[in-house]
Amino acid sequence: VWVLDAYTTSNEYPYSQRTVLEENGISKDEINYIRNSVKVIIDAYTGDVTFYRTDKTDPIAMVYEKIYPDLFSKEEIPEQISDHFVYPEYLYNIKAKVLIRYHNIQPDVLYRGDDVWDIATHNASSKVSSTKGTEINPYYTMVKTNDSEKMGLMQIYTPDEKQNLISYLVGSTNGATNELKLYKFSADSNIVGPMQLDKQIEEDEAISAELETLNTTGTKLTKQMIIVPIKNTLLYVEPIYQTMLNESEVPVLK
């Protein structure tokens with residue numbers, strides 16, 4: 001079967017921050033309420049579509065159910081399907097950006113705006129050429145904490161206009177229930193951020209020499225940054241890709 005996440009939204013929820021839904025960089029509706037309260041299961045062989053309500057407390061989904069009594073399945077999602085659910089990326093992106101300002105909800109802090117974060121950035125090119133870098137998009141990774149090991153969505157934060165890592169957000173799913181957990185470091189912890197690590201890597205003579213052998217005429221190097229939580233440790237992984245500019249678009253693994 002194929003699983004689709006379905007959302008209920010509104011822009012009329014009282015006293016809530018509004019955000020703009022975007023798809024491929026194109027602005028869409030403005031909302032201040034969103035829930036992933038429905039899962040859509042599609043049979044890959046027959047094309048049959050079944051809607052399941054996974055959030056029984058969502059009032060919008062309740063209204064849909066009363067208007068269309070045959071819309072949602074009366075049964076629960078089979079465990080052999082729900083065991084494979086992951087945190088919905090669309091919902092996670094919205095929540096991760098709202099948390100930049102609203103991770104600290106003390107009224108005086110919100111009023112002053114003196115505890116604001118940034119989405120962590122890194123340099124995607126082969127050389128550290130920018131002080132700002134490119135925002136790291138959320139990514140799925142195995143998250144091993146002291147109490148569990150599961151597949152989770154990760155987003156990394158740095159303090160506003162600083163480069164050290166201040167926190168990371170893990171989105172995971174327990175069956176049909178979505179869970180968010182924010183791990184925060186102390187303000188003076190000075191954990192190395194992606195941009196700082198980029199600089200350290202570039203200054204390593206052995207690594208720098210190896211990259212120079214790849215960064216030849218007719219090629220382009222691109223980099224990613226993945227940070228994996230393993231108990232009380234962060235493992236930094238930086239994949240580096242070499243693209244041949246004048247050859248077929250079919251990739252060659254070397």
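Worth a mention:
- Within a Gaussian network of the chain (alpha carbon springs, distance under 10 Å), most fluctuating of Ser73, Ser27, Ser82: Ser27
- Tensor-based shape of segment 1-114 (alpha-carbon gyration tensor, a/c under 1.5 rounded, otherwise prolate or oblate): prolate
- Only Lys, Arg, Asp and Glu carry charge here, each on its Cβ (+1 for the first two, -1 for the last two); on that basis the chain has a dipole of about 320 debye about its Cα centre.
- In degrees, nearest ten, helix 205-214 long axis to first principal axis of the chain (Cα): 80
- Sequence-separation-based contact order of the chain, relative, with Cα cut under 8 Å and 6+ spacing, percent: 13
- Share of alpha-carbon pairs per 10 Å distance bin for segment 157-205, given as whole %: 23, 36, 26, 13, 2
- Of the trypsin sites (Lys or Arg not before Pro) found in segment 6-82, the ones in coil according to DSSP and having at most 15 other Cβ atoms within 10 Å of their Cβ are Arg18, Lys56, Lys74.
- Portion, in percent, of the accessible area of the chain that falls on carbon or sulfur, probe 1.4 Å: 52
- Kirkwood Rh and Cα Rg combined as Rg/Rh, segment 120-214: 1.05
- When the alpha carbon gyration tensor of the chain is reduced to an equivalent ellipsoid, its three semi-axes come out at 37, 25, 18 angstrom, largest first.
- Per residue, the accessible area of segment 55-94 comes to 69 Å² when a 1.4 Å probe rolls over the protein heavy atoms.
- Most positive-pole-ward Cα, Ile230, Ala206, Met195, against dipole of segment 188-243 from beta carbon charges: Ile230
- Going by accessible surface with a 1.4 Å probe and the largest first, His84, His103 read His84, His103.
- Calculated accessible area for segment 180-254 comes out at 72 Å² per residue, all protein chains present (probe 1.4 Å; ligands, DNA, RNA ignored).
- Radius of gyration over Kirkwood radius for segment 85-160, both on Cα atoms: the Rg/Rh ratio is 1.04.
- Seen from Glu23, the other residues with C-beta closer than 13 Å to its C-beta sum to a net charge of -2, counting Lys and Arg as +1 and Asp and Glu as -1.
The values are calculated or read from the model by the stated rules, or taken from the named source; none is laboratory data. Being a predicted model, the structure only gives us computed values, none of them experimental. Don't worry about glycine lacking a Cβ; one is built from the backbone with ideal geometry, like all the others, and counts go over all protein chains shown. Remember, those area values only see protein heavy atoms, side chains included, never the ligands or the DNA or RNA. Shrake-Rupley method; radii C 1.70, N 1.55, O 1.52, S 1.80 Å.
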